[in-house]
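This report refers to the structure that appears directly beneath it.
The values are calculated or read from the model by the stated rules, or taken from the named source; none is laboratory data. It should be emphasised that the depicted structure is a prediction, and the values quoted were computed from it without experimental measurement. A quick note on method: Cβ atoms are made from the backbone with ideal geometry, for glycine too, and the neighbour counts reach across all protein chains shown.
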Amino acid sequence: MLTCDKSICTQVIQLKCVESRVENKRLHYGRFVASPFKRGQASTVGIAMRRASPGEIRGTSITCARFHGVVHEYSTVTGIEETIHDVLVNLKEIALRGDFDDVKEAISSVTGPKEVTAGDISFPPSVEAVDNLQHIVTITQPISITIELKVEKDCGYRIGNFDGYKNGEFPVDAVFMPVRNVNYSIHLFGSGEATREILLIEIWTNGSSTPDEAISEASEKLIELSSPSLHVKREDVSCSGDDKGLFPSMKLSSQFHDGNELGKRLSEDTFIDQLELPARAFNCLKEAEIHTIADLPNYSREDLSKIKSFGQKSVDQVSKALWERFASELPQNEIHLK
């Protein structure tokens, strides 16, 4: 226990991993402790880390798939159990790790009958599947299926846009998010003026990055976002009377990062499925064309309650999840309703 202010002020905040385990290939867990913080500081860091970890860490994902002889995504192919749409959804879920910057190509060419998995995809050396057993499609007849893929590295989500794609080419709603969930809690130690805070952070990843790597990259991103450059240029001016020389003019030439830049970028890239709402509430929001966290500030609690089949219980669920996961609140006053 720290017993004097001087010792507390001179102590450096340290971050340690106190628990790390692999639940399965696509679920890694890490628990970290950071301390000592002054009162109020741990909450600031905890909220920032929870926001930065999902949306600011780069991940690898399949972004496009090409099927020979297929016209649209709801096509069915004789000898294949799933529709093309189902296959695209399965490809979206494939967890990948990679070290590259440009677009990479991969291919899966399989003859059935067979269950096609991530292990049947031929990736370039810089890309690999986290779990080779992840399901893609089931071939029920002795036919050959070839799927050409594009793989990219980015942050957040990317909604597939069909513009510019040729016949047989389909965009995949890409998930570039190694971090699946982040929780934090704050604990006090010491007493009186010597009371300090301990920050406990829990991180779950999909296996493409370890929790150690995730918290390290999130910390680097936060440092980048909180270090705007400020250039001050002093200019000579002529003053008269008693004011001469007291207030030299100052020309501020700067480009600040918006204090909410991180939150904005995250919310624009984060879909409402990250709120993990019950199916009823989730489907109602989708029907109302509320797709991302950035859409929610356009709706107050009263606005949401006016959505068809969206009751007060659903409003409470959204409000609670928004606060717990993104430290954000719904507007109090009625705004609009589509």
Taking the condition of being among the hydrophobic types (A, V, I, L, M, F, W, C), touching an Asp or Glu at 6+ places or on another chain (Cβ under 9 Å) and over 15 Å from N90 (Cα atoms), how many residues in segment 133-156 meet it? 1
Condition first: assigned to a helix (DSSP H, G or I) and surrounded by fewer than 18 Cβ atoms within 10 Å (Cβ to Cβ). Now tell me which residues in segment 52-89 satisfy that. H85, D86, V89
Within segment 83-97, does at least one residue satisfy the condition of being among the β-branched types (V, I, T) and either touching a Ser or Thr at 6+ places or on another chain (Cβ under 7 Å) or modelled with pLDDT under 90 (or both)? yes
Quickly run through segment 67-97 and pick out the residues that are touching a residue at least 12 places away in the same chain (Cβ under 8 Å) and of a type in the set (S, T, Y). T78
Considering segment 139-161 alone, what residues qualify as being surrounded by fewer than 17 Cβ atoms within 10 Å (Cβ to Cβ) and part of a strand (DSSP E or B)? S144, T146, E148, D154
Looking at (1) over 30 Å from P124 (Cα atoms); (2) β-branched (V, I, T); (3) not in a helix (DSSP H, G or I), which is the one condition that is false for V45? (3)
Among the candidates L285, L277, L296, L322, residue that is within 20 Å of the chain's Cα centre (by Cα), in a loop (DSSP other than H, G, I, E, B), buried (at least 16 other Cβ atoms within 10 Å of the Cβ) and not assigned by TED's automatic domain parsing to the domain that holds I47: L277
